[in-house]
Amino acid sequence: MKVSSICFTALLHIQPTFASRNVGNRALKAAKGNSGAKKNKGKKSQSSPYNGPLVAYLSKSPEYTGTDNPVGTATIRFNPDNSFLFLIDADGIDPDCVKCNVVVTDGASCDDPGKNFFASQDDPWATGLNFYGSFSAEGSTNSAFRLTNEYGSSDMMDKPVVVYDSKDVVIGCGLLRPEIKTEQLVAEMGVYPGYEGNLTVGGMIKVEFNRDDSFLLSYDLEGLEESCTGCGIHIHAGLSCDTHDLVMGHGWNAIAVQDLWTPAGGAIYKSNEDGDAKSEFHLYNGFNFYENQGHAAVIHGQDSTRIACGLLV
């Protein structure tokens, strides 16, 4: 796969939990294999309000205690004959994988992913076709297969994608959502957690992604320090603005790229005499749209104090 989506957890400098995304699960015990058509066979939807591709953001199972930290995407694109092309593009997987299983299950969340999801007489997820392999010592995959489970796009929406390692242990999961055509994230900025200064920063940060996963970060802010020059504006590793600890530090992929959330990398803003700032810059942090989604954007003051925070959605 492209180095743009190499595992957050394993590769971030001093950010060991960057890949612990918002899977929100306490346990991940997926039953796989021959679950039986009688249990899994269900009445298919008579209408399909959504017929487009689905994408699941993959991240580590919280129950998994090994060294692998899968991060990436699983994409399903449907054919007219009701089959689909399944693509998995991920890093941080088991480097020993040659034919490791990946399945779609019938659960409602990654907390309880359930069993293999199919309406056909036989379980297509037990045919041995639904596998991926690692092509690097770090554990990377860019694999695909074709399958039919007699369900369409609207039926499979919100279903879990479950990833196994070479020992048939569940290491990752993500929920299937509609593919986003316009890859743009926006954060509405508010006060940084614990900040007790006299600034009340407001405004917006927008991140627009290119095909190579670089992006244009634009901002329109107010309530800043007057004439703040070379002040920091960054995407952080955390997924919350609730506490300082949850915001964490800079978010970047240490194998793909150096930390560009620096003045040398161009990640700065300049405010005017009224404390307003509006401009943009291009940057690349080694992660794609889905891997930056939900992360904290942070504004710093002249003395590097964190003064504002907002989540990219």
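The values are calculated or read from the model by the stated rules, or taken from the named source; none is laboratory data. Because the structure is predicted, anything quoted here is derived from the model rather than measured. Here the Cβ positions follow ideal geometry from the backbone for every residue, glycine too, while neighbour counts run over all protein chains shown. To get the accessible areas, we keep the full protein, side chains included, count just its heavy atoms, and leave off ligands, DNA and RNA. Shrake-Rupley method; radii C 1.70, N 1.55, O 1.52, S 1.80 Å.
Miscellaneous remarks
- Matching entry among 214, 227 (being touching a residue at least 40 places away in the same chain (Cβ under 8 Å), under 20 Å from residue 303 (Cβ atoms) and surrounded by fewer than 21 Cβ atoms within 10 Å (Cβ to Cβ)): 227
- Complete set of residues in region 209-230 that are modelled with pLDDT of 95 or more and within 19 Å of the chain's Cα centre (by Cα): 217
- Within region 152-188, the residues that satisfy the criterion of being within 18 Å of residue 294 (Cβ to Cβ) and open to solvent by 20 Å² or more (accessible area, probe 1.4 Å) are 158, 175, 177, 178, 179, 180, 182, 183, 184, 186, 188.
- When residue 200 is tested against (1) in contact with a Gly (Cβ under 7 Å, 6 or more places away or on another chain); (2) open to solvent by 20 Å² or more (accessible area, probe 1.4 Å); (3) in contact (Cβ under 8 Å) with a residue 24 or more places away in the chain, just one condition goes unmet, and that condition is (3).
- Entry remark, region 79-116: residues being in contact with a helix residue (DSSP H, G or I) (Cβ under 8 Å, 6 or more places away or on another chain) and open to solvent by 20 Å² or more (accessible area, probe 1.4 Å) number 4 in total.
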